[in-house]
Every structure is written in structure tokens, then in C-alpha cells.
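**Student:** The structure is given below, and queries will be raised subsequently.
Bear in mind these aren't lab numbers, they're just calculated from the coordinates by the rules spelled out. Fair warning: this is a prediction, and the values are worked out from it, not measured in the lab. Here the Cβ is made from the backbone with ideal geometry for all residues, glycine too, and neighbour counts use every protein chain on show.
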Amino acid sequence: MAKASNIVHQYFKKEIEGLTILVKVNPISFKVTEITLENGEDPEVRELEADDEIFDDLKSDGFAEASPMEFNLYWSGLIG
């Protein structure tokens, strides 16, 4: 299995009714990190397991490809 540092994650974003949801997907293991942002509240982070249909699921749920930088700024706590 490839080292974690060699994996190119894929990032997605969706905005609905005052919420922003940022998603990072490991395309090898299908592990997902989801950050939910709501105005004025601390970010909520969830670690999830997915399957090889995750990309179709995200697309059908209205997620668009997103910037890794935005995700990682929230993930590291530099903004939020």
C-alpha cells in the first residue's frame, strides 16, 4: 500500500442553507474527512468510511470539486 504522503486526496464542497460542507476523500482507501461549517459555530469534523461509489454519491448530492487549500485551512484550525 502507498504511503499516506504519496496519496493525492480529492476535495469537494457544497453550500446549503447557511452550511458549508468540505470533504476530503482518499481515493485508495476511500476514507473520508468531512468538515461542516455553520455561521458562528466551531467546525464539526467527522471521519467516515466509504466505498468506490463515493465520487458518484458526492456528484449526485450536488458536491463540486473544491480547493485543497480551503479544506486544509479549516482542518489545521488556521481559519474557522
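**Student:** Being assigned to a loop (DSSP other than H, G, I, E, B) and touching a Phe, Trp or Tyr at 6+ places or on another chain (Cβ under 9 Å) is true for just one of ASP52, ASP42. Which residue is that?
**Tutor:** Numbers: ASP42 fails: touching a Phe, Trp or Tyr at 6+ places or on another chain (Cβ under 9 Å).
Testing whether each residue is assigned to a loop (DSSP other than H, G, I, E, B) and touching a Phe, Trp or Tyr at 6+ places or on another chain (Cβ under 9 Å) leaves just ASP52.
**Student:** Could I ask something else about it? In segment 31-50, how many are touching a helix residue (DSSP H, G or I) at 6+ places or on another chain (Cβ under 9 Å) and of a type outside the set (A, V, I, L, M)?
**Tutor:** Residues flagged as touching a helix residue (DSSP H, G or I) at 6+ places or on another chain (Cβ under 9 Å) and of a type outside the set (A, V, I, L, M) within segment 31-50 amount to 2.
Residue by residue, here is whether (1) of a type in the set (Asp, Glu); (2) loosely packed, with under 15 Cβ neighbours inside 10 Å; (3) more than 23 Å from GLY77 (Cβ to Cβ) holds:
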site	(1), (2), (3)
TYR11	no, no, no
GLU15	yes, yes, no
THR20	no, no, no
ARG46	no, yes, no
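**Student:** Then there is this: Do you know which residues across segment 25-43 are over 10 Å from PHE12 (Cβ atoms) and either among the basic types (Lys, Arg) or surrounded by 12 or more Cβ atoms within 10 Å (Cβ to Cβ) (or both)? Don't jump to the end; show me each part of the working.
**Tutor:** Narrowing segment 25-43 to residues over 10 Å from PHE12 (Cβ atoms): 26-31, 33, 35-43.
Result: ASN26, PRO27, ILE28, SER29, PHE30, LYS31, THR33, ILE35, THR36, LEU37, GLU38, PRO43.
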